[in-house]
1. For the Cα atoms of the chain, what angle does the longest principal axis make with the long axis of helix 364-389, in degrees from 0 to 90, nearest 10?
2. Over the range 109-261, what is the percentage of antiparallel beta bridges among all DSSP beta bridges, to the nearest 5?
3. Do you know the relative contact order of the chain, to the nearest whole percent, from alpha carbon pairs under 8 angstrom that are 6+ apart?
4. Which of the following values of Cα extents along the principal axes in Å was calculated from the structure shown: (i) 65, 49, 43; (ii) 64, 60, 48; (iii) 86, 72, 51?
5. Can you sort Y347, Y161 from fewest to most other Cβ atoms within 10 Å of each residue's own Cβ?
6. Filter the GluC sites (Glu not before Pro) in the range 1-108 down to the DSSP loop ones having no more than 11 other Cβ atoms within 10 Å, then list what survives.
7. What are the trypsin sites (Lys or Arg not before Pro) within the range 406-456 that DSSP puts in a loop, where the Cβ has at most 13 other Cβ atoms within 10 Å?
8. As I understand it, the value is the acute angle between the Cα axis of helix 324-337 and the longest principal axis of the Cα atoms of the chain; what does it come to in degrees, rounded to 10?
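Readers should treat all values here as calculations from the given coordinates under stated rules, not as data from a laboratory. Since this is a predicted model, take the numbers as computed values, not measurements. Ideal geometry is used to build each Cβ from the backbone, glycine not excepted, and the neighbour counts take in all protein chains shown.
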Amino acid sequence: MKIHKTIPAGRKWSAGFVSLGCAKNLVDSEIMASLAMAGEFRLAPDPEHADVVIVNTCAFIRDARRESVEAILEACELRRAGRCRAVVVAGCLPQRYRDSLMRDMPEIDAIIGLDQLPGLGRVIARLQAGERGIREVSPEARAVIEPPQGRPLFTGAPFAYVKIAEGCDHCCAFCAIPSIRGRYRSRTEDSIVRESADLLSRGIRELNLIAQDVSYYGRDLGRRDALARLLRRLGRLGGRFWVRLLYAHPDHLTPALLDAIAETDAVCKYLDVPLQHAHARALRRMARGGDAGSLRGQARLWRRRIPGLALRTTFLVGFPGETEAQFRTLLDFVRDARFDHVGVFAYSPEENTPAAGLPDRVPGRVAAARRARLLSAQRAVIDAIARARRNTEIDALVETPPYPPGGHARARSGREAPEVDGCIRIRQAPANLKAGDFIRVRIIGQAGCDLTAVPA
């Protein structure tokens, strides 16, 4: 039985959000949701109780596209059941497939591209007036959208993401991001500092600076060490908080930037630097540089310049032409480099990328097996690092207070990024501990990729 909503005349529709993909997409969803503060529509508590469902999509790789399509179909099913009135698809999927998406999925009521996100309120108004088949997507993403102060935050925790730039100027052979999100476009330092101050005033205690490549920040404007200056400005905002850098390119970690990380107390001694591979030939085919020796030397330099540094990286296995010998070079590199955190992806061909036409494809089962082998090698590294950290003390940021009282609390140190790394499970946590509190803990053990601790 269909449940048909009746909406009083003159009442604006409510919108519920489904945000998929990376943290950059989450910020885009928060920006769209902030339009409710201006009265352009109402914000529903969840998609199941909304008049219009907004699906903010990811189109980076095949699995992300599959997840996006499934979410769109689920939203359309809500509409068919009479539980919502319209479905809007936003973000990377419409941007990448602006000419074909509505033809392939006619059940969609409207699509909006990356530059059109601030116009969501007008699109909803058109839908409420009865219009369908709305397509608002520019041929190329070029805008730099400033998040409004006081925007809704969807992290549900005392951390937020601060997007410092849009787009990407790199030409990695496997990546479709530049064709989706456009050229690199930096925000101004002043706007980022204002946003950060606003977030801290609202109780946020961790600012995660994000972009496709944070270390490229300012270079599109001719400023080589703009990120180093930005970090030092943020460090002077006052109060106790953390700043974390996510997604840096190994070629852009300058001495000035490394010094700013080391010398600014608020900045976590943490780097997320996707290296992709360690064999010279595999990297050349990916249109990247370096080899196992040079990358190992870079990692040693970063650790020397930033004492106590935690290093996260990601690798791509099964890229066209990757041989077993090349993979073993990567495997040995991971065992030797002792990264604190590693993510591994199996290659999937992306249309309109240079790698899509490369010969010597690696069978999917082989790529999956290599991914499992690399993660197994990294697990041994994680276990060794966890043993070395036992009985050490560290400051942690509480994300989830103890529940029930006297139970475990969930926290992270500066060595663990939100959502992608492990956490610290605090036993015997004080009953009055709150999300956003800092607490000194002593590491006592390990639970999978997480650590266990007690108050110090």
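1. Around 60 degrees separate the two axes.
2. Details: 2 of 14 bridges.
Of all bridge pairs located within the range 109-261, approximately 15 percent are antiparallel.
3. Computed value for the chain: 9 percent relative contact order.
4. Computed from the coordinates, Cα extents along the principal axes in Å corresponds to (ii).
5. Working: Y347 21, Y161 26.
So the ranking, lowest neighbour count to highest, is Y347, Y161.
6. Details: sites: E30, E40, E48, E67, E70, E74, E77, E107; in loops: E40, E107.
Taking the range 1-108 and a limit of 11 other Cβ atoms within 10 Å, no loop GluC sites (Glu not before Pro) are found.
7. Filter output for the range 406-456: K434.
8. 70
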